[in-house]
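The values are calculated or read from the model by the stated rules, or taken from the named source; none is laboratory data. Being a predicted model, the structure only gives us computed values, none of them experimental. Ideal geometry is used to build each Cβ from the backbone, glycine not excepted, and the neighbour counts take in all protein chains shown.
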Amino acid sequence: MRRSLSTVAMITCVMAVVGAFLGSHAPPAWACGPSITIAFHESSDGDIFIIKNNSEEAWFLASLEITLTGSVGRLVFDTQDGGPGFSMHAPFVPADNEVGLIAAPEIRDGAEEIWLQFTKFIPGRDFTFLIDVDDRLETSDYGCAVVSGAEFEGARAKAALAKTSGEKSSAHGQFDNTGKAVLRGGTCA
């Protein structure tokens, strides 16, 4: 089935969601190490992921892995027509690339992981991408093609971060029942 919106219209819609998210969902301050937030938003034209580097120190995000394995909804990326996804597939589409995405990842249909690499993802910046996510439950909140935040619970993410000095760190987190994850690294005194 073809999408009704053009890529430009879809990206405009995504940017409106990003602005609303960033303005109303400021994460708590985390002054002792890296902090990354990821938010999932269901959309009929490609589900939206918003990643934000909230680190208080000069940690830049070098790579990020999102793993759907273990999610309540048994989620998968639906990138092609047919296969394990339900309907309305959508491949990976970045909404922008001001954070230095090295290359768009090739995500096979039905995959449960996505891995991204960046060169300029400094604190304060965000990155948005679209991709379809479907659940594999026999009975789900809204049908297999529409994923609720509760179905995202249990999915995980991990990030590799670095400073220009060469210092490295990692941050880990799990998605909650609203489709959001906060990845934290370092230790607090």
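Before we move on, is Gly124 modelled with pLDDT of 95 or more, surrounded by fewer than 18 Cβ atoms within 10 Å (Cβ to Cβ) and either among the aliphatic types (A, V, I, L, M) or part of a loop (DSSP other than H, G, I, E, B) (or both)? Let's see the steps before the verdict.
On the way: modelled with pLDDT of 95 or more: yes; surrounded by fewer than 18 Cβ atoms within 10 Å (Cβ to Cβ): yes; either among the aliphatic types (A, V, I, L, M) or part of a loop (DSSP other than H, G, I, E, B) (or both): yes.
Yes: the conditions hold for Gly124.
Within segment 101-121, restricting attention to residues that are under 11 Å from Asp78 (Cβ atoms) and under 15 Å from the mean Cα position of the chain (by Cα), which residue is surrounded by the most Cβ atoms within 10 Å (Cβ to Cβ)?
The qualifying residue surrounded by the most Cβ atoms within 10 Å (Cβ to Cβ) is Ile107.
If you go through segment 51-72 one residue at a time, do you hit one that is modelled with pLDDT under 95 and part of a strand (DSSP E or B)?
Within segment 51-72, not a single residue is modelled with pLDDT under 95 and part of a strand (DSSP E or B).
Given Ala104, Ala95, which one is closer than 30 Å to Ser165 by Cβ, among the aliphatic types (A, V, I, L, M) and at pLDDT below 95?
Values: Ala95 fails: closer than 30 Å to Ser165 by Cβ.
Of the residues listed, the single one that is closer than 30 Å to Ser165 by Cβ, among the aliphatic types (A, V, I, L, M) and at pLDDT below 95 is Ala104.
If I ask for residues that are in contact (Cβ under 8 Å) with a residue 12 or more places away in the chain and either touching a Ser or Thr at 6+ places or on another chain (Cβ under 6 Å) or acidic (Asp, Glu) (or both), which ones from segment 107-140 would you list?
To start, the set of residues in segment 107-140 that are in contact (Cβ under 8 Å) with a residue 12 or more places away in the chain comprises 107-137, 140.
Answer for segment 107-140, where residues must be in contact (Cβ under 8 Å) with a residue 12 or more places away in the chain and either touching a Ser or Thr at 6+ places or on another chain (Cβ under 6 Å) or acidic (Asp, Glu) (or both): Ile107, Asp109, Glu112, Glu113, Gln117, Pro123, Asp126, Asp132, Asp134, Asp135.
Any residue at all in segment 133-152 that is in a strand (DSSP E or B), modelled with pLDDT of 95 or more and at negative phi?
From segment 133-152, those in a strand (DSSP E or B) are 133-134; that's our starting set.
Applying the additional criterion that residues be modelled with pLDDT of 95 or more yields none.
No, the conditions are met nowhere in segment 133-152.
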